[in-house]
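The values are calculated or read from the model by the stated rules, or taken from the named source; none is laboratory data. Please read all numbers here as calculations on a predicted model, not as lab measurements. Positions of Cβ are backbone-derived with ideal geometry, glycine not excepted, and every protein chain shown enters the neighbour counts.
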Amino acid sequence: MFSADIRRSEEACNGQLKLAYLLGNIRTQENAYLNLRSEAQHKRQAGDMVTLGVISMMVMIMIDCALCQTEIEQPACKVRIVTPDPCEAVHLVSRSDWGAVDPTQKTPLDLPVSMTSIHHTLTEGCCNVPQCSARLQAIQSKQMTVMNFDDIGCNFLVGNDGRIYEGRGWTNKGQLIQEYDELSHSICFIGNYTEDAPSWFALDSAKKWIECGVNKDYIVHQYMLFGHREKDNSTQCPGDCLFSIIARWPHFPYFK
Ligand SMILES: [Zn+2]
């Protein structure tokens, strides 16, 4: 081959090489472009996925919010917590039902009163209406004839059957603790509670009955509870045992 041919060949070869290089370069760039485009597509696809995800989430949130708002806009729940009426929870035995005699006179109380006093009758206890009625008739008779009271002294009396027995009621003044009679209702537990406690039923009914008096505005909400002995040094009423029990009730002045 002549040198010129070789040169042309070389030039051609170089040219081909250059072309190859160029083509290779182009391909490389094309590949790079394709790679970039693929990457971009991937990114775009990924972006699209993210966008789609975000849109989906927004739609879901909007649906959720719409549901929440729908729920919020629902009518108020018709079921409510009902606190049992303490007045309804207690069985009251009227004066006529236990055989009371009429009072000689009545003195109305200035209502609502600010205090409630606790007593015991210092008699035998009782566990049913006939027993308790017999106790109350004896107490009323003694107080009206021997002690010259107008009526049975207590506003209400409590049997160990858990019944409340009507004495002078919410509206008339009691006759047990002098000046405090016009400031309080007297609740008397039937029995002697120096060493024994009244029944759970009696204690529970007494608390409910006081609460009933508060609900009916016969007693102020911030009333004070006390035992007879606190206002009269001559008596141990309502007995050591019952006194130690009421000293732990709310509204007792030293209650903690
Ligand atoms: Zn008393």
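List of remarks:
- Filter result (assigned to a loop (DSSP other than H, G, I, E, B) and within 16 Å of the ligand (Cβ to nearest atom)) within the stretch 243-255: ALA247, PHE252
- Condition check for VAL158 on (1) at positive phi; (2) at pLDDT 95 or above: one failure, at (1).
- Of the residues making up the stretch 215-228, not one is more than 17 Å from LEU183 (Cα to Cα) and within 16 Å of the ligand (Cβ to nearest atom).
- Selection of first residues in the stretch 229-242 that are within 10 Å of the ligand (Cβ to nearest atom) and of second residues that are part of a helix (DSSP H, G or I), restricted to Cβ pairs under 7 Å at least 6 apart or on distinct chains, gives the following pairs, ordered by first then second residue: ARG229/PHE243; LYS231/TYR180; THR235/HIS228; THR235/ARG229; GLN236/ARG229; CYS237/HIS228; CYS237/ARG229; PRO238/HIS228.
- Within the stretch 159-171, the set of residues being closer than 15 Å to GLY213 by Cα and away from the ligand (no atom under 13 Å from the Cβ) comprises ILE164, TYR165, GLU166, ARG168, GLY169, TRP170, THR171.
- Residues within the stretch 150-163 that are surrounded by fewer than 22 Cβ atoms within 10 Å (Cβ to Cβ) and among the hydrophobic types (A, V, I, L, M, F, W, C), tallied: 0
- For the stretch 183-207, the set of residues classified as surrounded by fewer than 20 Cβ atoms within 10 Å (Cβ to Cβ) and under 17 Å from HIS91 (Cα atoms) consists of SER199, TRP200, PHE201, LEU203, ASP204, LYS207, listed by residue number.
- Checking each residue in the stretch 172-214 for being away from the ligand (no atom under 13 Å from the Cβ), within 21 Å of LEU122 (Cβ to Cβ) and not in a helix (DSSP H, G or I) picks out GLU195, ASP196, ALA197, PRO198, SER199.
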